[in-house]
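See structure below.
The values are calculated or read from the model by the stated rules, or taken from the named source; none is laboratory data. Since the model is a prediction, treat every value here as computed from it, not as a measurement. All Cβ positions, glycine included, derive from the backbone under ideal geometry; neighbour counts span all protein chains shown.
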Amino acid sequence: MRETTQANAFLERLRSGELTLMMAIRSARTTEIVRIAKATGHHAVMVDLEHSAIDVGLAGEMCAVASDLGLIPFVRVPERDYGIIGRLLDGGASGIIAPRIETVEAADAIAALPGIDMLSIGANDLCAELGIAGQFADARLREQVARVAEACKRHSKPFMLGGISDLAIVKDLLPLGIAPLFLTGTDTDMLYSAAEQRSRRLSEWHLQH
């Protein structure tokens, strides 16, 4: 992360165990989504360039608005497309999320590097690679999470675990050393969920009348 007062406060928040919420942005094409994130109690946004067609210019605008609103803006870059990192940082990103750390040993080596402030595991991808897709309660996932958490502890770096919606499983894994940084979902998922809920409510109302 860029060395700023805002970024340092964010990291300290994680180290002190305060709940920290982050929204992923994939579908939105205006900065209004960042204002929605702020209004709904989020502390950070992640502009996802790995899984969307958002361009670098719009990502920079979203990051700038997020910073102005007191949110920490992260950008997840496409796999191995590291040439855009400098442009994103210049555009206002506070931190870069680089995907595809392949092994626990690599995680330990990366956590030791200066300038690397935190590590994250995507449980969906990891379970798929372990051959246990969707089985988040499997002991093999827990073992891998524990090993990465231990690597982060050795180097005093926060560790985020994403991709698990079952909060009972998350609660069971938290004592391993997971930072309280939670991805609430993508803007696409949230819009779909809200649209479905409203459609169902009106349909049920109509049947009753």
Practice item. Just give me the residues in region 1-31 being in contact with a helix residue (DSSP H, G or I) (Cβ under 9 Å, 6 or more places away or on another chain) and not in a loop (DSSP other than H, G, I, E, B), in sequence order. Key: 6, 20, 21, 22, 23, 24, 25
Point to revise | Set 24, 28: member being under 16 Å from the mean Cα position of the chain (by Cα), of a type in the set (Gly, Ala, Ser) and crowded, with 18+ Cβ neighbours inside 10 Å | key: 24
Check your understanding: Got a sec? Which of 93, 137 is surrounded by fewer than 16 Cβ atoms within 10 Å (Cβ to Cβ), in contact (Cβ under 8 Å) with a residue 12 or more places away in the chain and in a loop (DSSP other than H, G, I, E, B)?
Key -> 137
Check your understanding: Within the bounds of region 120-131, is there any residue that is in contact with a Phe, Trp or Tyr (Cβ under 8 Å, 6 or more places away or on another chain) and either more than 30 Å from residue 89 (Cβ to Cβ) or exposed (fewer than 15 other Cβ atoms within 10 Å of the Cβ) (or both)?
Key -> yes
Review point. Residues in region 177-189: is at least one among the β-branched types (Val, Ile, Thr), surrounded by 15 or more Cβ atoms within 10 Å (Cβ to Cβ) and out of contact with any Leu (no Cβ under 6 Å at 6 or more places or on another chain)?
Key: yes
**Study point:** Single residue of region 154-176 satisfying the filter (in contact with a strand residue (DSSP E or B) (Cβ under 8 Å, 6 or more places away or on another chain) and assigned to a helix (DSSP H, G or I)) that is surrounded by the most Cβ atoms within 10 Å (Cβ to Cβ)
**Key:** 173
Exercise for review: Determine if region 189-203 includes at least one residue that is hydrophobic (A, V, I, L, M, F, W, C), at pLDDT 95 or above and farther than 23 Å from residue 38 by Cβ.
Suggested key: yes
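Determine whether region 57-71 contains at least one residue that is under 18 Å from residue 184 (Cβ atoms), free of Cβ contacts under 8 Å to residues at least 24 places away in the same chain and not in a loop (DSSP other than H, G, I, E, B).
no
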